[in-house]
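Colleague: Next up is a structure, given as structure tokens.
Derivation of every value follows stated rules applied to the coordinates shown; laboratory data play no part. Predicted model, so just to flag it, every value in this text is computed and none were measured. Because the Cβ atoms are built from the backbone with ideal geometry, glycine has one as well, and the counts that use them run over all protein chains shown.
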Amino acid sequence: MTPATRSWLHFATLAALIGLIALISPALDNPRLLMSSLTHNTFYDCCIAVILAVSLNLILGLTGQFSLGHAGFMAVGAYTAAVITGKPEFFLPQLSFWHAHLGLSVPASFTCMAIAGMLAAMLLCAFLGLLVGLPTLRLRGDYLAIATLGFGEIVATIIGNSEYLGRTFGLRIDNMRQLWWAEGGKNTPFGPDVIAYNNNTLNFISSFWMLLAVLVTILIVRNIKYSTTGRALLAIREDPVASEAVGIPTTRYKIAAFVIGAALAGLAGALYSQYQALNPNGFRFMYSTMIVLYVILGGQGSITGSALAAIFLTLVPVIFQRNTLLDPAITEKWRMVAYALLIILSMLFMRHGIFGRYEITDLAQWLYRRLRKPPPIPHTSPAPAAPYALPIENRKSKIENPPSLLSAHDLSMQFGGLKAVDSFSLALNAGELVGLIGPNGAGKTTVFNVLTGVYRATSGQVDIADRSARHLRPHSISKRGVARTFQNIRLFANLSVLDNVQIAQHMHHKQGIPAAILRTPAFFREEDNSRKNALDYLALFHLDHLADACASSLSYGDQRRLEIARALATRPRVLLLDEPAAGMNPTEKRSLMDMIRSLRQRFGLAVLLIEHDMKVIMGVCERIVVLDYGKTIATGTPEEIRRNPAVIAAYLGAAAKEG
Amino acid sequence: MTKRMTRRYLLRAIAATLMIGSLGMLASCGGGGGEGGTTQASGGGGAGGDTIKIGSLQSTSGDTSTFGTSSNKGINLAAEEQNAKGGILGKKIDMILADDQSQASQVRQAVLKLIEQDHVCAILGEVASGRTAAAAPDCQRNKIPLLSPASTRNDITDLGDYIFRSCYTDAQQGKWIADFAAHNLHLTKAAIFTDSQNPYSVGLSQVIEQEFPKVGGSILVKENYASGAQDFQSQLTNIRAANPQVVFLPGYYTEVVKILPQARKLGLNVPFVGGDGWDSPTTIPQGGDAVNGCYFSDHYAPDDPNPRVQAFVKKFQQKYDGETPDAMAVLGYDAANILFAAIEHANSTDGPKIRDALAQTSNFPGVTGNITIDANRNAQKPGVMLEIDNGKLKMVTRVGENPAAATAP
Amino acid sequence: MTDLLQQLLNGLAVGSTYALIALGYTMVYGVLRLINFAHGDVFMVGAFIGCYTTRFIQERLGLTDVADQSVTVAAISMLAAMIACGALGYVIERLCYRPLRKASRLASLITAIGVSLFLEYLLQIEWHIGRDRFFGPTPTAVPKIAVGHYEFDQAIVSIKNATGLSVSGNDLLTFAATLLCLALLFYIVRFTRTGKAMRAVSTNYDAARLMGIHIDRIISFTFVLGSALAAVGGVIYGFRYRSITPLLGVIPGLKAFIAAVIGGIGNIPGAAVGGIILGLVEAFVAYFGWSEYQDAAAFFILILVLLIRPEGIFGKAVPEKV
């Protein structure tokens, strides 16, 4: 299928679903047909719970950010919509517009208001999400938990202290209109219409809009999940440091996910306000925890799981209430204890929830694949030139003989009293392969961390292609063409091999969240390209047959190779390899070194290599820098280094000097 | 490793199956419960069998479970008595309890359950004004009378012509408190200390603030606190600085018992005057010495020598293991009896007819005094002012009584 | 002026309570990098155990209001609460946190919330033994304890007469306990072998293990110590406010966390200073007539600190290990 066809297909499926909803919702809303208003009320409660669960899943499940204020956003949304549809100073002007001016019926006008309320609620929540997210999401995860918890409490406190919002007496929109009518509204032109509508309508929002909101929420989160953005979010959840290293601006993505999640919680609140009584105390910490429970029980990252858990946990108390067998005073108390236990037990024994991050569609796909014959592994030749042609040529044309790709000048890094790196200087030129050696604790990895922005240097200068890079975040440095691997392998362990490489192409993707949600043809085209490129990179390291395997299931050597492939997929000019051959046997080491040399040749890379094995490094590097206690004690060709007495002393200790 | 993996997947599979399976089960029995009754939901429920079904909407679990539980005890006592007398219209009363977990968001579920699943002909409840308001629209739409035993907020009965109450309002109570301070205690310089998160407290404060100047008093300072707070010394220090003769504290007992000891500690030894929110079996034991010399308005006094009161207290103690009935219990008892009388009077279990009969209630001899439902569906009835004197509740005076009723036993 | 000073004193007293809880919070965080949400609830359990022990001694053993005996009763209650909460802390760590030590921080954080809710809701269930009610959502009254001797009370009265400031024995007790716990904790962490081991574990887990430190034992000790400290706070809190509920730990727990962040989380003196600062801020918020926003103010300060100086006043910005 071409990308355009798939885009159309997506659109058509969506249209069909909306059509279906439109078809069945009148039947759902008729209390004499399918559901009594009691059941209907529960049905709406379930829909709200699903929206909340799925939207929190975007934040907690996919991105791994712990928000404890989801109910707070819901409260903001609920009160916004309640004010817009329940306060006469807001609904009267709208009524005169929709009803008198445009000629819509009163119920239709109120539906329009409810939609306006939803939009306003989403906007306000998105804004507040930004406000809360900006200061906290750049910090460690724990702070977000506390700050969002605080946000929820502040929202409840402010509403509780506001006469306009009914304090803890609460609001219910039917009552608001009724009171207005009783206090003189009956004499206004719209009075009788409003009260007739108010008294004869069971729920001020029809099932159509409710189900549409559920559909839109699921659609947004699902489409984000299976896109460049979704992979980036999962990568952040897996390993924020490695995500930055492959060029993902983690803070920006976390904020984006948080803001979208907050807006959807606002939508849930707006819908909720149209049929339920609001009370600020109902939106406190406990409700937020409840939503967290939906996600962790159902599956962190699983839309299906969290939605099912939400419905399940919403129905349990209803059933208790409807059956008179059990004393509600007792079941209610034990129910909360049981929920708390459920949180603890699911964390202890089922950390990713019942569904993990899998969906019901994944199950279908898996079955489909099982039933069909296994698809042939696309066999690509180990040295495909095509996919690299474009990016590499681009790079080359830009960097026509630059003085140095990466240079450090007088770089120092101090941890408390310890100077881990002391006046480190280095210039890396295109095509060069430089070794960085030194005894354990000499500061080699710290040099890498400073060069790639993980640590901010205490003093000194880092330039990438002659532009200062000292204050850049790791993802910007990655964007400037410096890629790295880690000493202790930091793959996205729970994601597939293919995902690992696709994530690394992140900064070369142009289709953002809107395109992902809308599934434009360009989005599908980019996905295809990204997948093809990723497979090519994998083929380069003979890993393509493992594309669908989980990264953590790979052998140690394959993991090392995959990490290099991932670094390469960012299309760097400079590659920093931190002990890539650690744990390999001599044969493997030799072939890896050959590989590195050929890569450097092919892509015109500058490589900085940390390695312990002197034989390896002497054989492969043109130039070697030796560190000891953070100081550069020697630089030069392998031959010079081998003869340098300071190096010998550092490696063999004082005994060598004496002997 | 594979064994562990298998076990883990097995665990997940079992959990998923359990969840989905019970979901199906729940959905099917949940769906079944509510059907059928919808067609006759409006109006004449409850008459079908040989019982008369009446709903009791209460918070028997959650934050204010003590209110709901007490209220329900009073209601059940009334129903039991009535059934012993042969019920109403020759049928036994079937009181059906619906718990809302003290949460506004659960009220609708509970009300709809009573109306559509249990087919009640009228509902008694809720105690808290906010939840009575949350229950109002669905009762109004289904033409099921809702009689609140204890919601004192002024505008509750404006929510529809099926919404009644059988207790006094904050407007009445606030006036009594202001009058009492000025005329009985002869104190005119006052401070108001309000629970800003509690609409009851805010509403009552507003009334006191309006009424007190009318009887010659002046409000020197207004301070706020939040429900659930523990330390009030900062605000009390501000109050102490204004040097008032009396402090109005229209809050709930939960904070009152914490505020007063702290006030005494700071040397604020003036009397505090509050409303019926002070009524609780725990006020005196917890408040200790600090609550002595304080006053509050209430619905009745258990030590009232009035034979009606004493008879009720005795019956209640017999049924509930010697427990002294609090205000919620007696209000529940009165409300239930008013409703029974109305159904009897209407000679029907039809919602609109019960509504009309309720509206005509006049001089009903309740335990808390003679109760008349006025044109706004509010109760006209007396209250009492109590003093905490040396660890004992003492009735100081009756308030809001019309002279004619005062003489009646 | 007297009023301002009185507010200052009020703030100091409330702040000491926050500081006392924050000490345990910050210590556990320092060693484990875990926000122990259940800390506030252990504090609550401490208050209940202190209350019931006192009640038991007073009612069953007939030791009532004599001042000398009151001190003994208070000390025994405190000790009982410390032992029970220490055990509770050990159990929580052993059953809930230890299995998750290798998992993501998110997992332990969620578990901590679960533990917190579990304690809160379990204790909201009433138990009846004979005519006595135990736990349950309605406030439980704490028996009165006359702290100190006659001379001590006289001294307080004379302060009141001379300056117009009122200080209660409980205020002084809270303040003294905070200082004592701070000193004790500081001593343990700085000058004992166990303290050294705790610091080693907090700096580098694996290295500490390689150095022969029994990690599990050190972490258990940290939890037991932190929980015992929470119990001290809880018992004093009970005596001070004389009315306790299963939810009483929630807000003080959160405030204590904010205090710890203000001081620099993981930093022991910082937690104490943060607590006092928070108490003073709240007192002044009330002084200017915004008392209903006291809680909101605390969270506002938290967000402010996170914006301006996330590492807190005394904390050092420690880069994440890569």
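Colleague: If you take the Cα atoms of chain A, find Rg, then find the Kirkwood Rh from the mean of 1/r over all pairs, what is Rg/Rh?
Modeller: Numbers: Rg = 30.0 Å, Rh = 28.0 Å.
Dividing the radius of gyration by the Kirkwood radius yields 1.07.
Colleague: Round to a whole angstrom and tell me the spacing of the C-alpha centers of region A:1-67 and region C:173-194.
Modeller: Value for the Cα centre distance between the two parts: 56 Å.
Colleague: Right, here's the next one. Past the 19 angstrom mark, what percentage of all C-alpha to C-alpha distances in region A:194-247 do you count?
Modeller: Working: 800 of 1431 pairs.
In whole percent, the long-distance tail amounts to 56.
Colleague: Using the Cα centre of chain C as the reference point, and only Cβ charges (+1 on K/R, -1 on D/E), how large is the resulting charge dipole? Debye, rounded to the nearest 20.
Modeller: Values: 24 positive and 19 negative charges, 250 e Å.
Computed about the Cα centre, the dipole is about 1200 debye.
Colleague: Step through the residues of region A:157-165 one at a time and calculate ³J(HN,Hα) from phi using the Karplus curve (6.51 cos²θ - 1.76 cosθ + 1.60, θ = phi - 60°), rounding each to whole Hz and writing x for Gly and Pro.
Modeller: Each residue's phi maps through the Karplus curve to give 5, 5, 4, x, 9, 9, 4, 4, 9 Hz.
Colleague: Counting other beta carbons within 10 Å of each Cβ, put A:372, A:561 in order, fewest first. List each step's numbers first, then the result.
Modeller: Numbers: A:372 8, A:561 22.
Result, fewest neighbours first: A:372, A:561.
Colleague: Still on this structure, I have one more. Return the Cα extents of region A:252-297 along principal axes one, two and three, sorted largest first, each rounded to a whole Å.
Modeller: Computed over the Cα atoms, the extents are 36, 23, 17 Å.
Colleague: Moving to a separate point now. Using only the Cα atoms of region A:300-368, each taken as one equal point scatterer with no solvent, compute I(q) by the Debye sum, divide by I(0), and report log10 of the ratio at q = 0.25, 0.28 Å⁻¹.
Modeller: Values, matching the q order: -1.08, -1.18.
Colleague: Still on this structure, please answer the following. Using amide H atoms built in the peptide plane, which far-off residues or other-chain residues are under 5 Å from residue B:364 H to H?
Modeller: Those lying under 5 Å, H to H, from residue B:364 are B:371, B:372.
Colleague: When the scattering of region B:112-218 is computed by the Debye formula from its Cα atoms alone, each counted once and equally, what is log10 I(q)/I(0) at q = 0.15, 0.21 Å⁻¹?
Modeller: Results for region B:112-218 at q = 0.15, 0.21 Å⁻¹ read -0.67, -0.99.
Colleague: Given H placed on each backbone N at 1.01 Å, which residues far from residue A:633 in sequence or on other chains put an amide H within less than 5 Å of it?
Modeller: Amide H neighbours of residue A:633: A:626, A:627, A:628.
Colleague: Between residue A:5 and residue A:648, what is the label-to-label distance in nm when each label sits 7 Å out along the Cα-to-Cβ direction?
Modeller: So the two model labels end up 7.2 nm from each other.
Colleague: Rounded to the nearest 5, what % of the DSSP beta bridges within chain A are antiparallel ones?
Modeller: Antiparallel bridges: around 55 percent, rounded to the nearest 5.
Colleague: Rounded to the nearest 0.05, what FRET efficiency do residue C:127 and residue A:419 have when you use their Cβ-Cβ distance and R0 = 51 Å? Write out the running numbers ahead of the final one.
Modeller: Details: r = 61 Å, r/R0 = 1.20.
It comes out at approximately 0.25.
Colleague: Now, a different point. List the residues whose amide H sits under 5 Å from the amide H of residue B:56, counting only those 5 or more places along or on another chain, with H placed 1.01 Å from N in the peptide plane.
Modeller: B:96, B:97, B:98, B:124
Colleague: Would you please classify the overall shape of region A:125-212 from the alpha carbon gyration tensor, given that a ≥ b ≥ c denote the square roots of the eigenvalues, rounded means a/c under 1.5, and beyond that prolate means a/b larger than b/c while oblate covers the rest?
Modeller: On the way: a/c = 3.65, a/b = 2.15, b/c = 1.70.
Here region A:125-212 falls in the prolate category.
Colleague: Any lysines with Cα under 22 Å of the residue A:510 Cα? List them, leaving off those in the same chain fewer than 8 positions away.
Modeller: In chain and number order, the partners are A:225, A:254, A:396, A:398, A:479, A:532.
Colleague: In whole angstrom, how long is each semi-axis of the equivalent ellipsoid of region A:245-330, when you take the square root of 5 times every eigenvalue of its Cα gyration tensor and sort them from largest down?
Modeller: Values: eigenvalues 201, 60, 24 Å².
Whole-Å semi-axes of the equivalent ellipsoid: 32, 17, 11.
Colleague: Could you grab the relative contact order for chain A? Cα pairs under 8 Å, six or more apart, rounded to a whole percent. Before the final figure, lay out the partial values.
Modeller: Numbers: 1124 pairs, mean separation 112.1, N = 659.
Here the relative contact order equals 17 percent.
Colleague: Per DSSP H run of at least 4 residues, take -39500 (n - 2.57); add these up for the protein assembly as shown, divide by its residues and hand me the 222 nm value, nearest 500 deg cm²/dmol. The partial results should precede the final answer.
Modeller: Working: 53 runs with 795 residues, N = 1390.
My calculation for the protein assembly as shown gives -18500 deg cm²/dmol from helical runs alone.
Colleague: Quick check: net charge around residue A:423, other residues with Cβ under 10 Å of its Cβ, Lys/Arg +1 and Asp/Glu -1? Walk me through the numbers before you get to the answer.
Modeller: Working: positive: A:419, A:631; negative: A:410, A:422.
Local net charge: 0.
Colleague: Out of all Cα-Cα pairs in region A:579-635, roughly what percent, to the nearest whole number, are more than 13 Å apart? Spell out each step's value before the answer.
Modeller: Values: 1018 of 1596 pairs.
It works out to 64 percent of all Cα pairs.
Colleague: Mean Kyte-Doolittle of at least 0.5 plus a Cα span of 27 Å or more along the axis: flag which DSSP H helices in chain B meet both, please. Walk me through the intermediate numbers first.
Modeller: Values: long enough: B:2-34 (47 Å, 0.42); B:65-84 (28 Å, -0.65); B:327-346 (28 Å, 1.14).
Flagged H segments are B:327-346.
Colleague: Using only the Cα atoms, what convex hull volume per residue in Å³ does chain C have? Intermediate values should be presented prior to the final figure.
Modeller: Details: hull volume 47.5 nm³, N = 322.
Here the figure is 147 Å³ per residue.
Colleague: If you take every DSSP beta bridge whose two residues both sit in region A:515-659, what share of them, in percent to the nearest 5, is antiparallel?
Modeller: Numbers: 5 of 10 bridges.
Of all bridge pairs located within region A:515-659, approximately 50 percent are antiparallel.
Colleague: Report the label-to-label distance for residue A:108 and residue A:196 in nanometres (one decimal), using points 7 Å from each Cα along the Cα→Cβ vector.
Modeller: 1.6
Colleague: For chain B, modelled as a Gaussian network with Cα springs under 10 Å, which listed residue fluctuates most, B:58, B:173, B:235?
Modeller: Ranking B:58, B:173, B:235 by mean-square fluctuation puts B:235 first.
Colleague: What are the extents of the Cα atoms of region B:216-324 along their three principal axes, in Å, largest first?
Modeller: Principal extents (Cα only, largest first): 49, 34, 22 Å.
Colleague: Could you give the distance between the Cα centres of region B:328-342 and region A:253-324, to the whole Å?
Modeller: Using only Cα atoms, the two centres lie 38 Å from each other.
Colleague: Calculate, in whole percent, how much of the Cα-Cα pair population of region C:1-54 lies beyond 17 Å.
Modeller: Numbers: 781 of 1431 pairs.
Looking at region C:1-54, the distances longer than 17 Å represent 55 percent of pairs.
Colleague: Among the lysines, which have Cα under 18 Å from the Cα of residue A:419 when same-chain residues fewer than 8 positions away are ignored?
Modeller: A:444, A:631, C:316, C:321
Colleague: Determine, at each q value in 0.04, 0.05, 0.06, 0.07 (inverse angstroms), the log₁₀ of I(q)/I(0) that the Debye formula gives when each Cα of the protein assembly as shown is one equal point scatterer.
Modeller: -0.28, -0.44, -0.62, -0.82
Colleague: Order of C:313, B:208 from fewest to most other C-beta atoms within 10 Å? All intermediate terms of the calculation are to be shown ahead of the outcome.
Modeller: On the way: C:313 16, B:208 26.
So the residues, fewest neighbours to most, are C:313, B:208.
Colleague: From largest to smallest, what semi-axes in whole angstrom does chain B give when each is the square root of 5 times an eigenvalue of its alpha carbon gyration tensor?
Modeller: Details: eigenvalues 312, 185, 69 Å².
After diagonalising the Cα gyration tensor, the semi-axes are 40, 30, 19 Å.
Colleague: Using the eigenvalues of the Cα gyration tensor, what equivalent ellipsoid semi-axes result for region B:284-372 when each is taken as the square root of five times the eigenvalue, whole Å, largest first? List each step's numbers first, then the result.
Modeller: On the way: eigenvalues 201, 43, 27 Å².
Gyration-tensor ellipsoid for region B:284-372: 32, 15, 12 Å.
Colleague: To continue, here is another question. For each of A:347, C:78, A:1, count neighbouring Cβ atoms within 10 Å of the residue's Cβ, then give the residues from fewest to most. Each step should come with its number before you reach the end.
Modeller: Numbers: A:347 26, C:78 23, A:1 9.
Ascending number of Cβ neighbours within 10 Å: A:1, C:78, A:347.
Colleague: Counting only Cα, what are the radius of gyration and maximum Cα-Cα distance Dmax of region A:1-117, in Å?
Modeller: Cα-based Rg and Dmax for region A:1-117 come out at 18.7, 54 Å.
Colleague: Using the Cα gyration tensor of region C:203-322, with a ≥ b ≥ c the square roots of its eigenvalues, what is the shape: rounded (a/c below 1.5), prolate (a/b larger than b/c) or oblate (neither)?
Modeller: Values: a/c = 3.07, a/b = 1.43, b/c = 2.15.
Oblate, because a/c is 1.5 or more while a/b does not exceed b/c.
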